[in-house]
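Some notes on the structure that comes next.
The values are calculated or read from the model by the stated rules, or taken from the named source; none is laboratory data. Everything numeric here is computed off the predicted structure, so don't read it as measured data. In this analysis, Cβ positions are derived from the backbone assuming ideal geometry, glycine residues included, and neighbour counts consider all displayed protein chains.
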Amino acid sequence: MKAWILEKQGRIEERPLKLVEVPTPHPRDGEVRLRILVCGVCRTDNHIAEGDLPLRRSSVILGHEIVGIVDEVGKNVERFRVGDKAGMYWLHSACGECKYCLSQRENYCSQIKCTGWDVDGGYAEYVTVPAEYALPLNAVQLEPAEIAPLLCPGIAGYAAFKLTGAQEGDRLGLYGFGPTAYYVLKVAQSMGIETYVNTRSAKNIEGAKRAGASWAANAAKERMPHKLDAAILFPPAGNLVEPMLSQLEKGGTLVMAPVSASPIVIENYSENLWGRDIRTLYNLKRSDAEELLEIVNRLDLEVGTSLFPFEELQDALILTRRGELEQPNAVIKVADR
């Protein structure tokens, strides 16, 4: 099969991936094979390619927003049949035996394996995945290219949203407005939660308003009209934590969604932190993915995707890295149905 492999990290503009022929994988017991239709392009792929994240194996096939058709089923698999539409995301597998796995918190498992990092991912024509971690997609009414971004920014946004504990009638603040925040806004909207978006980008302010935000502006220039019951921070900006906390009601929760952040300083504990909670999003778990896919058909989604041919993957990665995509999400088309 054809696959894009990463053997040595380098600047994405130097095109470190290579399109090569590799053996087509076959599923082992408990696995299924997907004939890949599309795979979303994530900034995390750039972080791995460029060395911001360590290379855990060489060579590796990147890509973890995978939508495909099951075309081969291993032994002891009951969840899928040949012909089913299925997907795979960042969580490839966990040990299944530790205290976290046994309490359905596999996102904290120390043996977690990540798709497109620890194991080969979706920038290829086929991929094998554990059936118990693959996502059934037959019931999802969106097109494959629209589903792919759901499998990373969508799931991550939903997981962060759940951590806030926001309920109907609450006010939720979103700091930063990219694809992940867009999905949060749509979930919150479907639950009767008001959303308040703070972003410096004029383009994103207009995008948030079109998506249905109750308020969207640059809070450095325009004061937010209400205190919030919960908030999510998306950019890795630790300097925003205390200002965000100051905007929360007592009993409110701030969720930090980035995988890293600049230093955080709380200068006024009594006024800004006391009586409020800070939580962090740490990896993803199956229940988050499955719950999002159960409700996605009810959401009013207008997913903007830039679709690239399989052979133009590195162009998509470069444009993603530079923030020059015409639409918020890049997706590569691997095969027709």
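Observations on the structure shown:
- Hits in segment 1-16 - residues which are more than 22 Å from the chain's Cα centre (by Cα), crowded, with 18+ Cβ neighbours inside 10 Å and more than 17 Å from Pro54 (Cβ to Cβ): Ala3
- Figure legend. Inter-residue proximity from segment 207-220: first residues surrounded by fewer than 19 Cβ atoms within 10 Å (Cβ to Cβ), second residues basic (Lys, Arg), beta-carbon distance below 6 Å, spacing 6+ or different chains. Indicated pairs: Asn218/Arg200.
- Sole residue being more than 28 Å from Glu311 (Cβ to Cβ) and either touching a Ser or Thr at 6+ places or on another chain (Cβ under 8 Å) or not aliphatic (A, V, I, L, M) (or both), chosen from Ala139, Ala94, Ala148, Ala160: Ala160
- The listed residues are Ser287, Ser270, and the only one of them that is assigned to a helix (DSSP H, G or I) and assigned by TED's automatic domain parsing to the domain that holds Leu185 turns out to be Ser270.
- Of all residues in segment 252-303, those that are on the phi > 0 side of the Ramachandran plot and in contact with a Phe, Trp or Tyr (Cβ under 8 Å, 6 or more places away or on another chain) total 1.
- Some residue of segment 56-63 being closer than 23 Å to Arg11 by Cβ, surrounded by fewer than 15 Cβ atoms within 10 Å (Cβ to Cβ) and in contact with a Cys (Cβ under 9 Å, 6 or more places away or on another chain): yes
- All of Ala49, Ala148, Ala94, Ala131 fail the test of being of a type in the set (A, V, I, L, M, F, W, C), under 28 Å from Leu6 (Cβ atoms) and surrounded by fewer than 23 Cβ atoms within 10 Å (Cβ to Cβ), apart from Ala131.
- Hits in segment 128-146 (condition: in contact (Cβ under 8 Å) with a residue 60 or more places away in the chain and more than 19 Å from the chain's Cα centre (by Cα)): Thr128, Pro130, Ala131, Glu132, Ala139, Gln141
- Residue satisfying all of: in segment 192-204; of a type outside the set (D, E, K, R) and modelled with pLDDT of 95 or more; surrounded by the fewest Cβ atoms within 10 Å (Cβ to Cβ) among these: Gly192
- Any pair with Cβ under 7 angstrom, 6 or more apart, that starts in segment 147-160 at a residue that is farther than 14 Å from Ser287 by Cβ and ends at one that is buried (at least 24 other Cβ atoms within 10 Å of the Cβ) and among the acidic types (Asp, Glu): Ala148/Glu65; Pro149/Glu65; Leu151/Glu65; Cys152/Glu65
- Test: residue in segment 241-250 that is closer than 19 Å to Leu281 by Cβ and either under 24 Å from the mean Cα position of the chain (by Cα) or modelled with pLDDT under 95 (or both): yes
- Residue satisfying all of: in segment 17-46; modelled with pLDDT of 95 or more and basic (Lys, Arg); surrounded by the most Cβ atoms within 10 Å (Cβ to Cβ) among these: Arg33
- Of all residues in segment 169-181, those satisfying the criterion of being in contact with a helix residue (DSSP H, G or I) (Cβ under 9 Å, 6 or more places away or on another chain) and part of a loop (DSSP other than H, G, I, E, B) are Asp170, Gly176, Phe177, Gly178.
- Residue, surrounded by the fewest Cβ atoms within 10 Å (Cβ to Cβ), within segment 267-291, restricted to residues that are among the aliphatic types (A, V, I, L, M) and modelled with pLDDT of 95 or more: Ile278
- Strands (runs of 3 or more DSSP E) contained in segment 1-50 and holding at least 3 residues without any contact (Cβ under 8 Å) to a residue 60 or more places away in the chain: 17-21
- Odd one out for Arg322, checked against (1) at pLDDT 95 or above; (2) assigned by TED's automatic domain parsing to the domain that holds Thr44: (1)
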